[in-house]
Amino acid sequence: EAQVTQNPRYLITVTGKKLTVTCSQNMNHEYMSWYRQDPGLGLRQIYYSMNVEVTDKGDVPEGYKVSRKEKRNFPLILESPSPNQTSLYFCASKREPSDTQYFGPGTRLTVL
Amino acid sequence: GENVEQHPSTLSVQEGDSAVIKCTYSDSASNYFPWYKQELGKRPQLIIDIRSNVGEKKDQRIAVTLNKTAKHFSLHITETQPEDSAVYFCAASVRGKSSGDKLTFGTGTRLAVRP
């Protein structure tokens, strides 16, 4: 089954404790992105990747890091999480720029 | 960068009526405009998209129109049904090999269809 998976689905952590949210897709897609969703603000793009070892900033990259060492994986790293990073995070992938973008199930992160 | 504004933030219609959601964008270079539907507790899903070389696109009860001159685009849902109740997001981006893959979303419209 073609899908985008994220782990963990739910995470409660404390300020300053490094964490990684994993994202994996099995569709051999070139393009992958991370978004955060906050009430009243919609979805905002954090980082995107157009291929292995090619990543770039979206609209809200501060406080986040990403890597794309393999085509299928695109982890999101929070080196020192802060409470303002409490949000719902979605990973997404697609084959080409104008192709349908498939979202993962989301990761709800709470930073205390 | 690109700025996308979406209105209204909430919309309530009677089943069978039409619903219209409007978005404006700021970057005249934007050439790809997708619409996503997000049901409660679910992930966003693409429902329709339009490219700047097209003025209108239809898919059954859903249509999208684009006015490049005015830099606005709209989603039209006809004969609404209760299962259309969801949050709808518009988005805009510049598509091209050298344009990266930035996608800017509107803030969403919560549509409620009353039976």
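The values are calculated or read from the model by the stated rules, or taken from the named source; none is laboratory data. These numbers were taken from a predicted model, which means no experiment stands behind them. Glycine also receives a Cβ, built like all others from the backbone with ideal geometry; neighbour counts cover every protein chain displayed.
List of remarks:
- Test: residue in the range B:70-78 that is within 14 Å of chain A (Cβ to nearest Cβ) and crowded, with 22+ Cβ neighbours inside 10 Å: no
- Residues that are surrounded by fewer than 17 Cβ atoms within 10 Å (Cβ to Cβ) and either over 12 Å from the mean Cα position of the chain (by Cα) or away from chain A (no Cβ under 11 Å) (or both), drawn from the range B:26-47: B:Ser26, B:Asp27, B:Ser28, B:Ala29, B:Glu39, B:Leu40, B:Gly41, B:Lys42
- The range B:47-69, residues that are at pLDDT below 95 and among the hydrophobic types (A, V, I, L, M, F, W, C): B:Ile50, B:Val54
- Selection from the range B:70-86 of residues that are assigned to a strand (DSSP E or B) and either polar (S, T, N, Q) or touching a Phe, Trp or Tyr at 6+ places or on another chain (Cβ under 9 Å) (or both): B:His72, B:Phe73, B:Ser74, B:Leu75, B:Ile77
- Restricting attention to the range B:12-23, the residues that are surrounded by fewer than 18 Cβ atoms within 10 Å (Cβ to Cβ) and either touching a Cys at 6+ places or on another chain (Cβ under 6 Å) or in a strand (DSSP E or B) (or both) total 5.
- Unmet requirement for B:Val113, which otherwise passes all of (1) farther than 14 Å from B:Tyr25 by Cβ; (2) out of contact with any helix residue (DSSP H, G or I) (no Cβ under 6 Å at 6 or more places or on another chain): (2)
- Failed criterion for A:Ser93 (all others in (1) at negative phi; (2) out of contact with any helix residue (DSSP H, G or I) (no Cβ under 9 Å at 6 or more places or on another chain); (3) surrounded by fewer than 21 Cβ atoms within 10 Å (Cβ to Cβ) hold): (3)
To keep it simple, each residue is scored yes or no on (1) in contact (Cβ under 8 Å) with a residue 24 or more places away in the chain; (2) part of a loop (DSSP other than H, G, I, E, B).
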| position | (1), (2) |
| --- | --- |
| B:Ser30 | yes, yes |
| B:Phe33 | yes, no |
| B:Ile50 | no, no |
| B:Ala63 | no, no |
| B:Gly100 | no, yes |
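- Output for the range B:77-97, where each listed residue is in contact with a Lys or Arg (Cβ under 7 Å, 6 or more places away or on another chain) and under 12 Å from B:Gln38 (Cβ atoms): B:Ala86, B:Val87, B:Tyr88
- Any pair with Cβ under 8 angstrom, 6 or more apart, that starts in the range B:1-25 at a residue that is away from chain A (no Cβ under 14 Å) and charged (D, E, K, R) and ends at one that is outside any strand (DSSP E or B) and surrounded by 13 or more Cβ atoms within 10 Å (Cβ to Cβ): B:Glu15/B:Thr80; B:Asp17/B:Thr80
- Test: residue in the range B:94-109 that is more than 9 Å from chain A (Cβ to nearest Cβ) and more than 17 Å from B:Ser30 (Cα to Cα): yes
- Per-region count, the range B:45-58, residues out of contact with any Lys or Arg (no Cβ under 7 Å at 6 or more places or on another chain) and of a type outside the set (D, E, K, R): 4
- Subset of the range B:81-98 [closer than 21 Å to B:Leu66 by Cα and either surrounded by 23 or more Cβ atoms within 10 Å (Cβ to Cβ) or at pLDDT below 95 (or both)]: B:Tyr88, B:Phe89, B:Cys90, B:Ala91, B:Ala92, B:Ser93, B:Val94, B:Arg95, B:Gly96
- Taking the conditions (1) farther than 12 Å from A:Thr107 by Cβ; (2) within 11 Å of the chain's Cα centre (by Cα); (3) surrounded by 18 or more Cβ atoms within 10 Å (Cβ to Cβ); (4) of a type in the set (Ser, Thr, Tyr) in turn, A:Tyr35 satisfies each one other than (1).
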